[in-house]
Amino acid sequence: MDLLASLVEVGNDDEDDKVIQVLGIRAFNGFASAISLALTGYSQTAGMVLRDVLETTFLVDRFRTDRAAITRWRNSNDWREFSPKKVRDFLDKRDGFEGKKREQEYKLITSLAGHPSMQGIAMLRPAGGEVHIGPFLEQSSLIAVLSQAGKIAIQLAEVILPFVPLKKERAIASAEQFSKLKREWVTRFYLISVR
């Protein structure tokens, strides 16, 4: 989130760069909202917000390697080229991915929190009990939401970092801190050694 904040602190006259800044603000607000919701017992609603941040992450990734797409997106009244599915398909093709892991990640969040579903109702049951109205804190749901937020945050920081002008001390410090935290997070959660 600090990296996103450093992105928007830089003044900018380029309209396409302003789009990235606005998407960074949207993601920052999404992370803040999701964390707040999760910590106050609304894990399913936090998941809905994280799905939006994931879609934003994929869109920024698309723009990272196709800067002309920013202008098309900004000026278009027809959003079909940039629908979540089209963006995921573009990224999979660009990266040579055949397993549709982006779609799987998106569908998991969607089924648990984005649309009404029987699978999502499980998020309304504290510790597998009866469906509960209102907030409740449960360790497994809280860990799931915060872990998902961390995973998405790493993805977003990776794709937005090329847009961060590393001219100010705060931006440089944020980029360095992100690199350090990413290594720690990947090592801890994926149990691999990162050099």
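The values are calculated or read from the model by the stated rules, or taken from the named source; none is laboratory data. Note that the structure is a prediction, hence the values are computed from the model and not measured. Because the Cβ atoms are built from the backbone with ideal geometry, glycine has one as well, and the counts that use them run over all protein chains shown.
Specify the residue that is surrounded by the fewest Cβ atoms within 10 Å (Cβ to Cβ); the eligible residues are those in region 168-189 that are under 25 Å from A38 (Cβ atoms) and in contact (Cβ under 8 Å) with a residue 60 or more places away in the chain. Please lay out each step first, then the result.
The first filter runs over region 168-189 and keeps only residues under 25 Å from A38 (Cβ atoms), leaving 174, 177-178, 180-189.
Then keep just the ones that are in contact (Cβ under 8 Å) with a residue 60 or more places away in the chain; that gives 174, 177-178.
Numbers: S174: 23, Q177: 13, F178: 20.
Residue satisfying both the conditions and the ranking: Q177.
Let's see how each residue does on (1) in contact with a helix residue (DSSP H, G or I) (Cβ under 6 Å, 6 or more places away or on another chain); (2) outside any helix (DSSP H, G or I); (3) at pLDDT 90 or above:
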position	(1), (2), (3)
K93	no, no, yes
E105	no, no, no
I109	yes, no, no
A122	no, no, no
G134	no, yes, no
L137	no, yes, no
I152	yes, no, yes
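Against the definition (at pLDDT below 95 and assigned to a helix (DSSP H, G or I)), how does T57 come out, yes or no?
On the way: at pLDDT below 95: no; assigned to a helix (DSSP H, G or I): yes.
Answer is no for this residue.
Across region 150-167, not a single residue is classified as more than 27 Å from A5 (Cα to Cα), surrounded by fewer than 18 Cβ atoms within 10 Å (Cβ to Cβ) and in contact (Cβ under 8 Å) with a residue 24 or more places away in the chain. Here region 17-32 is the region considered, the condition is being of a type outside the set (A, V, I, L, M) and crowded, with 18+ Cβ neighbours inside 10 Å, and the residue that is farthest from K107 (Cα to Cα) is Q21. Selection of first residues in region 88-106 that are on the phi > 0 side of the Ramachandran plot and of second residues that are surrounded by fewer than 18 Cβ atoms within 10 Å (Cβ to Cβ), restricted to Cβ pairs under 7 Å at least 6 apart or on distinct chains, gives the following pairs, ordered by first then second residue: K100/D92. The criterion of being under 18 Å from K167 (Cα atoms), crowded, with 20+ Cβ neighbours inside 10 Å and either of a type outside the set (V, I, T) or at pLDDT below 95 (or both) holds for S6. Would you confirm whether or not region 72-85 contains a residue that is among the acidic types (D, E), more than 21 Å from L161 (Cα to Cα) and assigned to a helix (DSSP H, G or I)? Yes.
Scanning region 154-177 for residues that are assigned to a loop (DSSP other than H, G, I, E, B) and among the aliphatic types (A, V, I, L, M), which turns out modelled with the lowest pLDDT? Before you say what the answer is, go through the steps one by one.
From region 154-177, those assigned to a loop (DSSP other than H, G, I, E, B) are 164-168; that's our starting set.
Imposing the further condition that a residue be among the aliphatic types (A, V, I, L, M) reduces the set to 164, 166.
Numbers: V164: 81, L166: 72.
Only one residue tops the list, namely L166.
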